[in-house]
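The values are calculated or read from the model by the stated rules, or taken from the named source; none is laboratory data. What you are looking at is a predicted structure, and each value in this text was computed from that prediction instead of being measured. Because the Cβ atoms are built from the backbone with ideal geometry, glycine has one as well, and the counts that use them run over all protein chains shown.
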Amino acid sequence: MQGRVMSLKGKAGKKLDLPELFEELYRPDLIKKAVVVSQTNRKQAYGPQPSAGLKTSAESWGSGRGVAQVPRLKNSSRVARVPQAVGGRKAHPPSSKRVFFEKLNRKERQKAMRSAIAATAKPDLVKARGHRFEGTLPLILEDAFEELATTSEIAEVLVALNVWQDIEKAKRGKRVRAGKGKRRGRRYKNKKSVLIICARSVSAARNLPGVDVVTVDQLNIELLAPGTHAGRLTIWTQSAINALGKE
């Protein structure tokens, strides 16, 4: 399998032999499994203090008073400690001892990674994710792209590659999150756009809506298949492709 190395002006250059993993069979089941395991292993255990709702002087009045025999505060008739009381303990609270960690076989993880990488070269899968672009896949740029230092320069390259419409789509897709998360530091939800994979980081591209930039040695399954759906619109540099072939 071969690909064309594109110039910064969007013109096709020399042919490049792609690594064999670009011919990997598409396995959405393994990709989904690997992404879910990765997300699960980032979860942090949570739960209330063991003594929450129990720090009280409440005791039952006992029988003979014509009222329910539930714990009541000293010098008061207010109920406490029991789950049905206001401010009482929770009946079945989440436990901080719960283990979220899941395991995944090494060969399954490797095959899922190869399959997700191969999916970036399949136009039908990329379009099925809703990405907008023109031209052939995979998109491979010359190494001069890694020397760009400003966002405006990178934007010009993306326009020349005919993928700028996908970034505009991601910008329009920004919306306010539903639920309590909007007041916990994650008010907005953003659409995913182009993934740029380089041999060394191009930090200026991170300001673009929905764009993720990663070096090839830090590439992971969640970046290639956001939400467990493979086929993300991906731009590779020539050095990244060469480094991928050595692994």
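Any chance you could count how many residues in the range 128-150 are more than 22 Å from A243 (Cα to Cα) and more than 23 Å from the chain's Cα centre (by Cα)?
Our first condition is that a residue be more than 22 Å from A243 (Cα to Cα); within the range 128-150, this holds for 128-135, 149-150.
Of the ones still in play, those that are also more than 23 Å from the chain's Cα centre (by Cα) are 134-135, 149-150.
Selection size over the range 128-150: 4.
Quick check: is even one residue across the range 120-132 of a type outside the set (A, V, I, L, M), part of a helix (DSSP H, G or I), surrounded by 15 or more Cβ atoms within 10 Å (Cβ to Cβ) and touching a residue at least 24 places away in the same chain (Cβ under 8 Å)?
Taking every residue of the range 120-132 in turn, none turns out to be of a type outside the set (A, V, I, L, M), part of a helix (DSSP H, G or I), surrounded by 15 or more Cβ atoms within 10 Å (Cβ to Cβ) and touching a residue at least 24 places away in the same chain (Cβ under 8 Å).
Determine whether L21 is within 18 Å of N220 (Cα to Cα) and either surrounded by 15 or more Cβ atoms within 10 Å (Cβ to Cβ) or not β-branched (V, I, T) (or both).
Details: within 18 Å of N220 (Cα to Cα): yes; either surrounded by 15 or more Cβ atoms within 10 Å (Cβ to Cβ) or not β-branched (V, I, T) (or both): yes.
In short, yes.
Does V79 satisfy being at pLDDT below 95 and either out of contact with any helix residue (DSSP H, G or I) (no Cβ under 8 Å at 6 or more places or on another chain) or among the aromatic types (F, W, Y) (or both)? Quick ask: steps written out before the conclusion?
Numbers: at pLDDT below 95: no; either out of contact with any helix residue (DSSP H, G or I) (no Cβ under 8 Å at 6 or more places or on another chain) or among the aromatic types (F, W, Y) (or both): yes.
So V79 fails the test.
Could you check, for the range 106-117, whether at least one of its residues is exposed (fewer than 14 other Cβ atoms within 10 Å of the Cβ) and farther than 30 Å from A170 by Cα?
Looking through the range 106-117, at least one residue is exposed (fewer than 14 other Cβ atoms within 10 Å of the Cβ) and farther than 30 Å from A170 by Cα.
Hey, does the range 78-91 have a residue that's over 30 Å from Y26 (Cβ atoms), crowded, with 19+ Cβ neighbours inside 10 Å and not small (G, A, S)? Working first, answer last.
Let us first name the residues in the range 78-91 that are over 30 Å from Y26 (Cβ atoms), namely 78-91.
Narrowing further to those that are crowded, with 19+ Cβ neighbours inside 10 Å: 79-81, 88.
Narrowing the set further to residues that are not small (G, A, S) leaves 79, 81.
Looking through the range 78-91, at least one residue is over 30 Å from Y26 (Cβ atoms), crowded, with 19+ Cβ neighbours inside 10 Å and not small (G, A, S).
What single numbered condition from (1) part of a helix (DSSP H, G or I); (2) over 22 Å from the mean Cα position of the chain (by Cα) fails to hold for S95?
So the condition that S95 fails would be (1).
Within the range 1-55, which residues are basic (K, R) and either within 30 Å of V99 (Cβ to Cβ) or assigned to a helix (DSSP H, G or I) (or both)?
Within the range 1-55, the subset basic (K, R) is 4, 9, 11, 14-15, 27, 32-33, 42-43, 55.
Selection gives R27, K32, K33, R42, K43, K55.
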